[in-house]
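Okay, so here's the structure we're looking at.
The values are calculated or read from the model by the stated rules, or taken from the named source; none is laboratory data. Predicted model, so just to flag it, every value in this text is computed and none were measured. Cβ placement follows ideal geometry from the backbone for every residue including glycine, while neighbour counts extend to all protein chains displayed.
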Amino acid sequence: MPSSSEPQVHFRACTLCEAMCGIRIEVRDGRVHSIRGDEEDPFSRGHICPKALALRDLHEDPDRLRQPMRRTASGWEPVGWDEALDDVAHRLYALQREHGNNAVGVYLGNPNVHNLGAMMFAPELVRSLHTHNRFSATSVDQLPHQLAAYLMFGHQLLVPIPDIDHTRYMLILGANPLASNGSMMTAPDVRARLRAIQQRGGRVVVVDPRRTETARIADQHVFIRPGTDALALLALLHVALVENPPRLGRLAAFVDGLDVVREQVRDFTPEHVAPHTGVDANTLRALARDFLAADGAVCYGRMGLSTQPFGALCQWLITVLNVVTGNLDREGGALFTRPAFDLVGGPRALGLGRGSLGRWKSRVRGLPEFAGELPVAVLSEEILTEGPGRIRALVTVAGNPALSTPNGAQLERALERLDFMVSIDPYLNETTRHAHYILPPVSPLERGHYDLAFHMLAVRNTARYAPPLFPPGPDSLEDWRIHLELKHRLDMLRHGTRLKDTLAYHALKRLGPERLLDVGLRMGPYGARFRPFRQGLTLAQLREKPHGVDLGPLKPSLPQRLQHKDHRIRLAPEPLVADLRRLRETFPKARVSSPRDGELLLIGRRHLRDNNSWLHNTPGLVKGKPRCTLMVHPEDAARLGLVEGKEALVTSRVGHVTVPVEVTDDVMPGVVSLPHGYGHQRPGIRLTVAAQHAGVSINDLTDDLALDAVSGNAAFSGTPVRVTSAAVTGVGASTPAA
Ligand code: SF4
């Protein structure tokens, strides 16, 4: 670890988004001097985006907490680790003893999946809480992908990945990889990869209610009404299966349910869905024909689809389209990864569970668990609704649900009702300001890193490990140690000093995330276990390859990779087929459902310099023109008297905000767009830079009652809102309704 004044160079992967770009960090005098792309990284080949520099800013940020904090009547005060951990464990356990285990809830935020220690040890802490009230950012994000993968392929993480580097036709719905850098499709320098499709004679087509950055470089962009993508996909399938013969190819030998799907799509003609989607029938037919004609085509959909009331249907139908056109498990189509640390096929103890559905239900609304978690949209009602089993204490880990979950203002009111709250988090933010304790982990540069999650989702198989760049600060504890110490204390309170728990604690403490990683690599598909007479991949080898190792392109792997016991694909899982009925009722043939008079449909958006709510305290990423604006089509602006740069009042069922207007034909008429992750005007936060660029939270408008009924995922996309000029109404405050 660098400590002298000699310049030193360190290589690692950036952990600020899913792209895993290799970076080269130069350190001088113990400080980060520069961060550049690592030209020798076999995957990212020198690419980085403007966010990479934020790694230095996060490390040096004076607002980042560096020792545990306790909230008192006179404000926050520092406290020692042992005292904090002891008190937290005692208070959680006392509430569970009095009110039952479900009285404690736990929420895991998205940054955990970028953190080796948290990936390994947060599940240990969650298990030690013995509660059914588990929540995470999954249910405001990729849950429909995981549900479809679980039902179709037998494992929640067996998600097909677009073979972007070989495809000749890429159909993108509700995704903006130029801003996200690829999501559920780790693909550093996605712009170059999309351009390469065009350079080899292929086409990129984007279907989205907004002309996104990706749509601008695509060969074709098609506007679609928010919330209707499932209909468009059904129409494509109608053309592929009813108007043409299916083309499963070798997949036919292990696919079940084709006839069921063909019958279900029979009445979804392009003519039927056109009035609902706003996409004319000829365009839908042409899209289907182009998809069928391409020698290697792939359909890919992301947040804009997953966060609809039919999110699970969308992700299922995308995969069905790839299957029935013979584009699953083939070069240029969608393929499964073969990562060095395999969370799907590896040892059960080191992987994630296959998934589960409906083992228990939420107390108030009766929504089913998926993979051991309940939809986070029910978290506030589970705190606010009196009765046995009410959540009285909450543990949050690297999450900011006040800004990132629907009806965030209601959730904040719920957090105020808790008897106790602890946050494992480096910041005093919109969520953690409600906590009684904040336990801050080390910075991303003070921990070793290997991407357990994103190698599972990458468009190429690679592996890369980096040790910590800096030693932890004097009062710091790594994430995994916080989880383990808290778990150990809870276990002791619950079970006394059981030999089993004590041995497990000491074993895990000795192993730490790095040794567990080594075990997983050795037992993985490139590890020594499967190559008894040759040297297999180990952590020691990765340490010697600071730029990472290339394990080759994605390759066909079916049916062996399938995780159902019979190694078959379930093309027509019952819960998803059943949900088509709800779709038919919502969009009947005889009537076009449209927003009520005067209502517009609100969609989110993301900017390359943003990542959820995390990076707004980084000066370099928030400078320039304010990005938190309401995009409005010129026709709607004229009709509603909205003026560029002036404030509009936006009202939904749950709240209202005022926000500057941006008049643009990049959104379709009837649609408005706000970015997510803003809303830093709340009092009591310690985010000096973010507070100066506060914006408003889209989740003060999104509705906790709007869900995808099958998966429980929040349905952010297409929230009905009314928009008026704030000057006319005289409202000037950006406050959600009470
Ligand atoms: S694209 Fe993502 S991983 Fe790459 S530098 Fe930017 S934030 Fe980091």
Query raised in the report: Scanning for something surrounded by 15 or more Cβ atoms within 10 Å (Cβ to Cβ), under 29 Å from VAL140 (Cβ atoms) and of a type outside the set (S, T, N, Q), does the range 24-42 turn up at least one residue?
Result: no
**Report entry** Check on ARG216, surrounded by fewer than 19 Cβ atoms within 10 Å (Cβ to Cβ) and either among the charged types (D, E, K, R) or in contact with a helix residue (DSSP H, G or I) (Cβ under 6 Å, 6 or more places away or on another chain) (or both)
**Finding:** yes
Report task. Please work out if VAL159 is assigned to a strand (DSSP E or B), within 14 Å of VAL298 (Cβ to Cβ) and assigned by TED's automatic domain parsing to the domain that holds VAL260. Result -> no
Requested in this report: Taking the options GLY201, GLY182, GLY174, GLY154, name whichever one is among the small types (Gly, Ala, Ser), modelled with pLDDT under 95 and in the same structural domain as ILE318 (by TED's automatic domain parsing).
Outcome: GLY182
**Report entry** Failed item, numbered, when THR138 is tested on (1) touching a residue at least 60 places away in the same chain (Cβ under 8 Å); (2) among the β-branched types (Val, Ile, Thr); (3) more than 21 Å from THR15 (Cα to Cα)
**Finding:** (3)
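Quick grid of which residues meet (1) modelled with pLDDT under 95; (2) under 26 Å from LYS487 (Cα atoms); (3) buried (at least 21 other Cβ atoms within 10 Å of the Cβ):
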| residue | (1), (2), (3) |
| --- | --- |
| GLY353 | yes, yes, no |
| LYS361 | no, yes, no |
| GLY366 | no, no, no |
| ALA377 | no, no, yes |
| ILE391 | no, yes, yes |
| LEU394 | no, yes, yes |
| ASP419 | no, yes, no |
| VAL422 | no, yes, yes |
| LEU428 | no, yes, yes |
Query - Which numbered condition CYS49 misses (of (1) near the ligand (Cβ under 10 Å from one of its atoms); (2) more than 28 Å from the chain's Cα centre (by Cα); (3) not β-branched (Val, Ile, Thr)) - result: (2)
Query raised in the report: Residues LEU16, LEU65, LEU58, LEU85: which one is of a type in the set (A, V, I, L, M), near the ligand (Cβ under 9 Å from one of its atoms) and within 19 Å of VAL397 (Cβ to Cβ)?
Result: LEU16
Report summary line: Residue hits (the range 39-74; closer than 15 Å to LEU445 by Cβ and assigned to a loop (DSSP other than H, G, I, E, B)) are ASP61, ARG64, ARG66
Query raised in the report: Do the conditions hold for LEU439, that is, is it more than 18 Å from the chain's Cα centre (by Cα) and surrounded by fewer than 24 Cβ atoms within 10 Å (Cβ to Cβ)?
Result: no
Query raised in the report: Out of the range 15-38, which residues are closer than 23 Å to PRO441 by Cα, over 25 Å from the mean Cα position of the chain (by Cα) and either part of a loop (DSSP other than H, G, I, E, B) or among the acidic types (Asp, Glu) (or both)?
Result: GLY30
Report task. Taking the residues in the range 596-618 that are part of a loop (DSSP other than H, G, I, E, B) and over 16 Å from the mean Cα position of the chain (by Cα) as candidates, determine which candidate is modelled with the highest pLDDT. Result -> GLU599
Report task. Please indicate, with yes or no, whether at least one residue in the range 22-36 is within 12 Å of the ligand (Cβ to nearest atom), modelled with pLDDT of 95 or more and within 21 Å of HIS607 (Cβ to Cβ). Result -> yes
Query raised in the report: Here are some residues: GLY473, GLY408. Which one is surrounded by fewer than 23 Cβ atoms within 10 Å (Cβ to Cβ) and either touching a residue at least 12 places away in the same chain (Cβ under 8 Å) or within 30 Å of THR307 (Cα to Cα) (or both)?
Result: GLY473
Report task. With the checklist (1) surrounded by fewer than 20 Cβ atoms within 10 Å (Cβ to Cβ); (2) modelled with pLDDT of 95 or more in hand, flag the one item MET1 doesn't pass. Result -> (2)
Query raised in the report: Looking at (1) buried (at least 24 other Cβ atoms within 10 Å of the Cβ); (2) on the phi > 0 side of the Ramachandran plot, which is the only condition GLY326 fails?
Result: (1)
Requested in this report: For residues that are of a type in the set (Phe, Trp, Tyr) and out of contact with any strand residue (DSSP E or B) (no Cβ under 8 Å at 6 or more places or on another chain), scanning just the range 84-138, find the one that is farthest from PHE341 (Cα to Cα).
Outcome: TYR93
Query raised in the report: Taking the condition more than 10 Å from the ligand (Cβ to nearest atom), crowded, with 17+ Cβ neighbours inside 10 Å, in a helix (DSSP H, G or I) and touching a residue at least 60 places away in the same chain (Cβ under 8 Å), does HIS10 pass?
Result: no
Report task. Give the residue, chosen from ARG447, ARG460, ARG464, ARG433, that is of a type in the set (D, E, K, R) and farther than 29 Å from GLY182 by Cα. Result -> ARG433
Query raised in the report: Quick check: anything in the range 150-162 of a type in the set (Ser, Thr, Tyr) and within 21 Å of the chain's Cα centre (by Cα)?
Result: yes
Report task. Look at THR167 and say whether it is within 30 Å of LEU321 (Cβ to Cβ) and of a type in the set (S, T, N, Q). Result -> yes
